Amino acid sequence: MLLSSKGKHRRPSKAVRIATLAGVTGAAVAVPLMGATGASAASVETWDAVAQCESGGNWSINTGNGYYGGLQFSQSSWAAAGGTQYAARADLASKDQQIAAAEKLLDLQGPGAWACAGAGGLTNDGVDPGVDTGSEKNGDTAPQAAPERKAEQPTTRSEKRTAPKETVTTPTGDKVEKGDGEYKVKSGDTLSKIADAKKVKGGWEKLFELNDDIVDEADLIFPGQQLHLK
C-alpha cells in the first residue's frame, strides 16, 4: 500500500512500504500512538481517496498478501505506527483507528510512503482529521497474527560487516542500529528517494540489500541512521 518508488511501507505492486523508518525499518514495535494532530495531518476525505486507490475503499480487507486494511498496512508498519494498541492488524481496526495510525506513519515517512499518495492528493496539509479512535482494542477475540518474519536471503556484503554498536532513537522512543555508512538519513528520506538522489545502481532494492544489517524492512528507516551506498 505504501511507496510509489518501491521503498516504503507497501508492497511493490501498489506501493513499497520505508518509517524513515523500511521499517522503524524493520523494528515493528507496539508503542502508544501519538495523536492525529501531530506535525503531519490530512483530512478524512484525503485518506478516503488514498484508500480507494489502495484497496478499493475496503477498510476491512485482508486478501492474505501480507497487507491489511483500507490503507494496506504491512504488519511491521502497523506496529511501528502504534496501531497494535487498537487491533492486532489494520483490517481488524476501525476506519478512524486506521487513519490515526496512518497520520503517525505520515509524520514519520511523509506522503511518499503510499504509492497512491498522488491519486489521493495526500500532503502534510496540517488538517486535523478529527477521528474518534475509541478506547477499547478491537479484535481481541480474533486470532492474533504472528509477526511477519523476514524471508531468508543469501549472504551479502552488508552481512559480513561487523555489526555497529551505536544506535539512534526512533520517534517512538525505540533504539535501532545506527550503521556506519557514508549517507546519513534525514527526516522524510526513503530508500527510493536516497537511491534516486545518489544514483545507486540497482535502485532502492540494491540500497536495501547493502544495508540489511541495520534495515530489517524496506518500509522503515530512521533519521540518524547511516547507510552504505555501495
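Read the figures in this text as sums done on the coordinates, not as results from a lab. Remember, predicted model here, so these are calculated numbers, not experimental data. Every residue, glycine as well, gets a Cβ built from its backbone with ideal geometry; the counts of neighbours run over all protein chains shown.
Quick notes on this structure:
- Placing a pseudo-label 7 Å from each Cα along the Cα-to-Cβ vector at Q85 and S187 gives an inter-label distance of 2.0 nm.
- Annotation: amide H-H contacts under 5 Å for F73 (H modelled 1.01 Å from N, sequence separation of 5 or more, or interchain): Y68.
- N62 paired with D196, simple spin-label distance in nm, labels 7 Å along Cα-to-beta-carbon: 3.4 nm
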